[in-house]
Each structure stands twice: as structure tokens, then as C-alpha cells.
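Heads up, the thing below is written out as C-alpha cells.
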Amino acid sequence: MTTENQSIAIEVKALDKQFGPIHAVRDVSFSVSHGEVLGFLGPNGAGKSTTMKMITGFLEPTSGTVIVNGNDVTTHPIEVKSSIGYLPEGAPSYGEMTVLSFLRFIAEIRGFKGAEAEKKIDAVVKKINLEMVLGQTIETLSKGFKRRVGMAQTIIHDPDVLIMDEPTDGLDPNQKHEVRSLIKEMAEKKAIIISTHILEEVDAICTRAIIIAAGKILFDGTPQELRATSDKNDIDDAFRIITTQHYEQHGERAHS
Amino acid sequence: MKNISAIMKRELYGYFTTPVAYVFIVIFLFLTGIFTFYLGSFYERAQADLDPFFRFHPWLYLFLIPAIAMRLWSEERKSGTIELLMTLPISVSEAVIGKFLAAWCFTGIALALTFPIWITVNYLGEPDNTVIVASYLGSFLMAGGFLSIGSCISAITKSQVIAFVISVVICFLFVLSGFPLVLDFFQAWAPHALVDAIASFSFLTHFDSIKKGVIDFRDLVYFAILITFWLYATVVVIDSRKAS
Ligand SMILES: Nc1ncnc2c1ncn2[C@@H]1O[C@H](COP(=O)(O)OP(=O)(O)OP(=O)(O)O)[C@@H](O)[C@H]1O
Ligand SMILES: [Mg+2]
């Protein structure tokens, strides 16, 4: 009982977010344990990014709580942020910096100094294959390389919890494969949430899937269970059935 | 402290790897030159002091400092890097202070690069160098005041243009609040103590006083409080954006 409790890394309780008239996230609750890879699915504007922004402490929830490794994100933001590696949507980074100086900045903020920082940077650069572009300014990189720099920033401190908003968006097939293997490799000890629009990804790397639409959780289960909701045993079909059914019942818009 | 210095280093790196720093420094030096030698009649006065040089600093800063400050937060918001920055394990105040100190350091560098004029005046005559040192200090403190206002305004908006315009207007009020125009407006209805208080808000009042060569504790306190207040306001603005 206790061991099970201890392994829970992220606990989201009754999370709600309202942007003026738009009710972006409605009463979302779930938890993620170490060793789990949660795939966060849903149509555009469903509230995936907004939920992730609240978990990582960038946005304050209108109501509800987020607890990461025992710390509440609103009362202990620094502790929570230290244990998370976060790749925001679009992987923003400082364009005028070179890849190396950007990673040095992140390493310094993450508390690594001197030789230790260089070791961390070396390791992550090898892992993500950034050797060729180390001296290049980030704004001159291709979209996929920018994404990879963001990825490096996310995992440089070997965080306990990983939250990645569309990590494979814009990558070439080889890199997609690399990132997926990387996530799988890290999955054993970490709690991971990824959002994606690529449903095969869910099959390939996720141990669990949540479908959210118009701010509400519509499905929470294993990829196998998700597939089983379709007669054709097809994951795309299952996604379509679950999300369109919801919209037919509740109308198109999130704010009503 | 460690986080503040990391942020500060990154910001300074940003200034000097983009044309921003060089454009600013060149324009600053060029304008101080013009003001000192033409408008201030540096030679014609035939006096060995730097008053014509320092006299125009408030007016130069009025436009140049908001141009530096406007990018402090607006750019982060626009490019989305604020999401990266604010999900790193640092506090909002560390980020605010780090960014402010970098910008302040940078204006300090620009100010320090005006040293040839100091050398010139020492070559031409025998100025009172303690007055000059005090004036440099006063100018630097005033730059900090302008910057702290600009920092807060740039935290409010994504648009650097809006940040610039609003900062100029507010800084203008802080410069002018010692002037009759502004005081008359308040004199009509406000109690006397308030009018005095408004006059003491002016950058000019305090800069002029330091510029005379006497560094009064009250002038230092004025700038310290002003900067602290606006930086605190910056933190409040950024915090409130989280909830929006
Ligand atoms: N800062 C904001 N102000 C107002 N509305 C917002 C803001 N951020 C998000 N929204 C709204 O909240 C809803 C959810 O947006 P969110 O970005 O979380 O969707 P998403 O599931 O990540 O979509 P996508 O798949 O397109 O990335 C949308 O209706 C969006 O317009
Ligand atoms: Mg999104």
C-alpha cells in the first residue's frame, strides 16, 4: 500500500482553468506513477497544453490542485520545478544564443557547476545528437533541431518527472524514432506525460492514454482498452468515436 | 544569488550577441556628444566642468532607456521563452532582479564609455572631479530608476511598441513632476503636503541635487525606494499573469 503510494509522482485533482469566457479545463483528475508513460490525446484546443502548463506551474489553476512528488505546485513551486523536465509546446528557446551557451545557461540554473555541468552537457549532446550544431545560434537551426535543443534542455538534469508537449512534432522519421526510444529508455524510473496527435505513438511508447476534449476527460485507460472501444480494433477509429460522440452531445465549442 | 547571476549573464549575452548593444551605445555616445557640444555649448562656456554633459541625461534617458527596457519582458512573452524561464526552478523575483541588473549594468557600460569627455575636460582645465564622480553616480542611479519603470511596463504587454510608448509617458511624468506645469495641475485641488510629495518624486530634483557634488542620503534613498517599488510591481504583474 505505502510503496504504491510512494511511487505516485503526479497527482492532479479536480483541475479547472477558465480564461475569461473560455472554460479550457474542466474538473480534470488523474495521477501518474513512476514507470508510467501517459499519452495525453485530444483534438486541437482540447486543453492538453493548458493542463500541462498548470502541472509545471506556468499557469495557476482556477481551482484544483497539482501535487508533484509530494509538493503542491502552488505552495512549493521551486521544489516542483526542480523535479520536472518540461518541454513547452513549440519548444521555445533563446534564439540569439548558441546551442552550447543555451545548454550552459540551463545547466547553471539547474544547479550544475564547472566540470559537472560540462559532463551533463556532453552526455545530453551525445544522447540527442547535437554535436554538429553546438556552436550555431538557435535561431539559425532547422525546426527539428530547435525541437531537439528543447529536448536536451528538458532532460539535462535527469528529472524525475517529464512533461513534454508534442515532443515529436516536426521531427524527421529517424528522429521521431530516436525520441521514442529515448522516452522508452527513460520510462522505467520516471513518470512521463506526453501529448501527441500521432496515435501510433501511443501504441509504441505509452502505458496509458487519456483522451480529453473540450477540457473534459473522456477516456482513461491502457492503449489496448482504447483500441477495444472501436469495432475495427483501430486506435484512430477509437479516437474518432470517442471525441466526435462528445461533440455531438455537447456542441463544438469549449465555452458554452 | 546564483540564479540571479545566471539570468544576468544570459541577458548580457543577449545584449552583446545582437546589434541592440552596439546600436544603443553608438547612439548614446553620439547624442551625448551632440548635446554637450552644440546644445550645451561646452567650449563656448569656457568652464571646466561637465554640466553641459550631464544636464541632458534625463532627456536622453527618457527615450533611450525605455528602448532598452521594452524588451525585458515583452520579448519573452512574444517569443514564448517566458514559459521556459518561468518553469525553471527560479523565483519570479530572481528573474526580475537578474534581468534588471543586466540592463542596468549595460547602461552603466554605455555611461562608462563616455570617459573621453572626462579626460578632455581634465586636459582643458581643472574641473572639480568629485562633482563629476557624483554626477556619474547620479546619472547611473537615474538610469536605474528609468529602467525599473520600463521593466514593469514591459511585463504588462507583449508588444514592445506599446511598452515603449507607455514607459516614455510614465518616465516623462517622473521627470516633469518637479515642474510647474504638473504641480499646478495638483495645486488646484490637492493638499499642500501632497504637492510637495509630488515634487519630490521628480528624477530631476534628485539628480540635480546629486549633480552639485553633495551626495545626500535622501537622494540615495529616493532612488533605492523607487527602484524597489517598480521591481516589486514587476513581480506582481508577472505573478498575476499566471492566473489570467
Ligand atoms: N492564454 C489564453 N487565453 C485565452 N484562452 C486560452 C489561452 N490559452 C489557451 N486558451 C484556450 O484554451 C483552450 C485549450 O487550449 P490548449 O492550448 O490547452 O489546447 P490543446 O489541447 O493543447 O490544443 P492543440 O492540440 O492545438 O495544441 C483553447 O480553446 C484555447 O483557445
Ligand atoms: Mg497544445
Debye calc, one equal point scatterer per Cα of segment A:92-158, no solvent, log10 I(q)/I(0) at q = 0.11, 0.16, 0.22 1/Å comes to -0.20, -0.43, -0.83
Please name which of A:Ala213, A:Val179, A:Met132 has its Cα lying farthest along the dipole of segment A:128-256 towards the positive end, using unit charges on Cβ (Lys, Arg +1; Asp, Glu -1) and the Cα centre as origin. A:Met132
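Can you list the trypsin sites (Lys or Arg not before Pro) in segment A:152-206 that are in a DSSP coil and have 13 or fewer other beta carbons within 10 angstrom?
Details: sites: A:Lys176, A:Arg180, A:Lys184, A:Lys189, A:Lys190; in loops: A:Lys189, A:Lys190.
Loop-located and lightly packed - A:Lys189.
Counting heavy atoms of the protein chains only and a 1.4 Å probe, report the per residue accessible area for the protein assembly as shown as a whole number of Å².
Details: 22080 Å² over 500 residues.
It amounts to 44 Å² per residue over the protein assembly as shown.
Round to a whole number: what % of the accessible area of segment A:125-256 belongs to carbon and sulfur, probe 1.4 Å?
Values: 2970 of 6260 Å².
Exposed carbon and sulfur together represent 47 percent of the surface.
Determine the share of segment B:2-243's accessible area contributed by carbon and sulfur atoms, expressed in whole percent, with a 1.4 angstrom probe. Could the numbers behind the result be given before it?
Working: 7880 of 10700 Å².
Carbon with sulfur: 74 percent of the solvent-accessible area.
Starting with the highest mean, order A:234-240, B:188-194 by the number of other Cβ atoms within 10 Å, averaged over the residues of each peptide. Could you put the intermediate results ahead of the total?
Working: A:234-240: 17.7, B:188-194: 9.7.
Listed from highest to lowest mean packing, they are A:234-240, B:188-194.
What do the square roots of 5 times the Cα gyration tensor eigenvalues come to for segment B:92-183, in whole Å, largest first, as semi-axes of the equivalent ellipsoid? It would help to have the intermediate numbers written out before the result.
Numbers: eigenvalues 181, 70, 25 Å².
Equivalent ellipsoid semi-axes, largest first: 30, 19, 11 Å.
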Mean projection of the alpha-carbon convex hull of the protein assembly as shown over all orientations, in nm²? 29.4
Per-residue mean of C-beta atoms belonging to partner chains within 10 Å, peptide B:84-95: 6
Output the 0 to 90 degree angle, nearest 10, between the alpha-carbon long axis of helix A:114-128 and the longest principal axis computed from the alpha carbons of chain A. 50
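Evaluate E = 1/(1 + (r/R0)^6) for B:Ile225 and A:Lys126, where r is the Cβ-Cβ distance and R0 equals 41 Å; express this FRET efficiency to the nearest 0.05.
Details: r = 51 Å, r/R0 = 1.24.
For B:Ile225 and A:Lys126, the calculated efficiency is 0.20.
Any idea what the dipole of chain B comes to, in debye rounded to 20, about its Cα centre with Lys/Arg Cβ at +1 and Asp/Glu Cβ at -1?
On the way: 15 positive and 16 negative charges, 164 e Å.
Taking the Cα centre of chain B as origin, the dipole is about 780 debye.
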In segment A:76-134, what trypsin sites (Lys or Arg not before Pro) fall in a loop by DSSP, with at most 13 other Cβ atoms inside 10 Å? A:Lys113
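Taking each pair of different alpha-carbon atoms in segment A:130-254 once, compute 1/r for the pair, average those values, and report the inverse of that mean as the Kirkwood hydrodynamic radius in Å to one decimal. Could you put the intermediate results ahead of the total?
Working: mean 1/r = 0.0611 Å⁻¹.
About 16.4 Å, per the Kirkwood formula over Cα pairs.
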For segment B:2-243, what class follows from the C-alpha gyration tensor (a ≥ b ≥ c being the square roots of its eigenvalues): rounded when a/c is under 1.5, otherwise prolate if a/b is larger than b/c, else oblate? oblate
With a 10 Å cut-off between alpha carbons and a GNM built on chain A, which of A:Pro21, A:Pro43, A:Pro92 moves the most? A:Pro21
List the residues, sorted by chain then number, that are 5 or more residues from A:Gly85 or on another chain and whose placed amide H is less than 5 Å from its amide H. A:Val161, A:Leu162, A:Ile163
Quick one: among B:Ile227, B:Ile25, B:Ile90, which has the greatest mean-square fluctuation in a GNM of chain B with alpha-carbon springs under 10 angstrom? B:Ile90
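The values are calculated or read from the model by the stated rules, or taken from the named source; none is laboratory data. What you are looking at is a predicted structure, and each value in this text was computed from that prediction instead of being measured. Please note: Cβ atoms are built from the backbone with ideal geometry, for glycine as well, and neighbour counts cover all protein chains shown. SASA here: full protein model, heavy atoms, side chains in, ligands and nucleic acids out. Shrake-Rupley method; radii C 1.70, N 1.55, O 1.52, S 1.80 Å.
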